[in-house]
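As structure tokens, the structure follows; a few thoughts come after it.
The values are calculated or read from the model by the stated rules, or taken from the named source; none is laboratory data. Computed from a prediction, not measured in an experiment: that's the story for all the values here. Reconstructed Cβ throughout: ideal geometry from the backbone, glycine too, with neighbour counts over all protein chains shown.
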Amino acid sequence: QKEVEQDPGPLSVPEGAIVSLNCTYSNSAFQYFMWYRQYSRKGPELLMYTYSSGNKEDGRFTAQVDKSSKYISLFIRDSQPSDSATYLCAMKDSGGGADGLTFGKGTHLIIQP
Amino acid sequence: NAGVMQNPRHLVRRRGQEARLRCSPMKGHSHVYWYRQLPEEGLKFMVYLQKENIIDESGMPKERFSAEFPKEGPSILRIQQVVRGDSAAYFCASSPQGDNQPQHFGDGTRLSIL
């Protein structure tokens, strides 16, 4: 079983729809959870950074963490064609020198105009 | 540009040559991380460095790969005697000092081995 599972898609939705992206993980030591957006031939861009369980909202983006289920989600409201990209979830434990992020493989999202 | 700077953006090497990838962290950041993204694979952590120190190299291949972050200048990821399997995108990230700070990525170096 991989440490972080993420459906690669592609996920295609019409403009204006609410998008739901998800990851599951197996390592209960993970405490910090991130979502990155990556456009083709570019580096990952940090969208959301959360600690432990709960919700965090930033503009059209909402991140949810459910540690009891080992499940994290990213919701995008009022989706735009410019949101078309690959979305990567990433996570890490609480440190102690182990600061490398563990990534999912990414979900390819397509917003149809 | 205050972001993480990586160069070159594209690098072509023949088998057996050496590849040197450079990364300048964001202004004010003192921690550097290197990741590799193979085709159809996710980003994989390689090494975490602070100035003049390797903190965690648990993701580095045991042979041919090395990394440094000198007191002055950029961080360098060095691959000796490259093989076709080294073809990948190599990304650098940086974070400010302090535990559990978010990591910000550069646009990567795409290494192709002929």
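In table form, for the structure just shown:
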| item | result |
| --- | --- |
| A:Arg41 of a type in the set (D, E, K, R) and buried (at least 16 other Cβ atoms within 10 Å of the Cβ) | no |
| Residue within the range B:23-32 that is within 14 Å of chain A (Cβ to nearest Cβ) and over 26 Å from A:Met91 (Cβ atoms) present | yes |
| Condition met for B:Leu43 (within 14 Å of chain A (Cβ to nearest Cβ), within 17 Å of A:Gly43 (Cβ to Cβ) and of a type outside the set (S, T, N, Q)) | yes |
| Residues located in the range B:69-102, provided they are β-branched (Val, Ile, Thr) and either surrounded by 19 or more Cβ atoms within 10 Å (Cβ to Cβ) or not in a strand (DSSP E or B) (or both) | B:Ile79, B:Val82, B:Val83 |
| Some residue of the range A:39-54 being away from chain B (no Cβ under 14 Å), without any contact (Cβ under 8 Å) to a residue 40 or more places away in the chain and closer than 21 Å to B:Pro102 by Cα | yes |
| Filter pass, A:Ser12 being in contact (Cβ under 8 Å) with a residue 40 or more places away in the chain, hydroxyl-bearing (Ser, Thr, Tyr), more than 11 Å from chain B (Cβ to nearest Cβ) and assigned to a strand (DSSP E or B) | yes |
| A:Asp83 vs. criteria among the acidic types (Asp, Glu), surrounded by 14 or more Cβ atoms within 10 Å (Cβ to Cβ) and in contact (Cβ under 8 Å) with a residue 24 or more places away in the chain | yes |
| Odd one out for B:Phe105 among (1) surrounded by fewer than 21 Cβ atoms within 10 Å (Cβ to Cβ); (2) touching a strand residue (DSSP E or B) at 6+ places or on another chain (Cβ under 8 Å); (3) not acidic (Asp, Glu) | (1) |
| Failed item, numbered, when A:Asn27 is tested on (1) more than 8 Å from chain B (Cβ to nearest Cβ); (2) modelled with pLDDT of 95 or more | (2) |
| Members of the range A:86-110 found to be at the interface with another protein chain (Cβ under 8 Å from one of its Cβ atoms), surrounded by fewer than 19 Cβ atoms within 10 Å (Cβ to Cβ) and not in a loop (DSSP other than H, G, I, E, B), listed by number | none |
| Matching residues in the range B:1-24 - criterion: being touching a residue at least 40 places away in the same chain (Cβ under 8 Å) and closer than 24 Å to A:Thr86 by Cβ | B:Gly3, B:Val4, B:Met5, B:Gln6, B:Asn7, B:Pro8, B:Arg9, B:His10, B:Leu11, B:Leu21, B:Cys23 |
| Conditions (1) among the charged types (D, E, K, R); (2) part of a loop (DSSP other than H, G, I, E, B); (3) on the phi < 0 side of the Ramachandran plot: number failed by B:Glu40 | (3) |
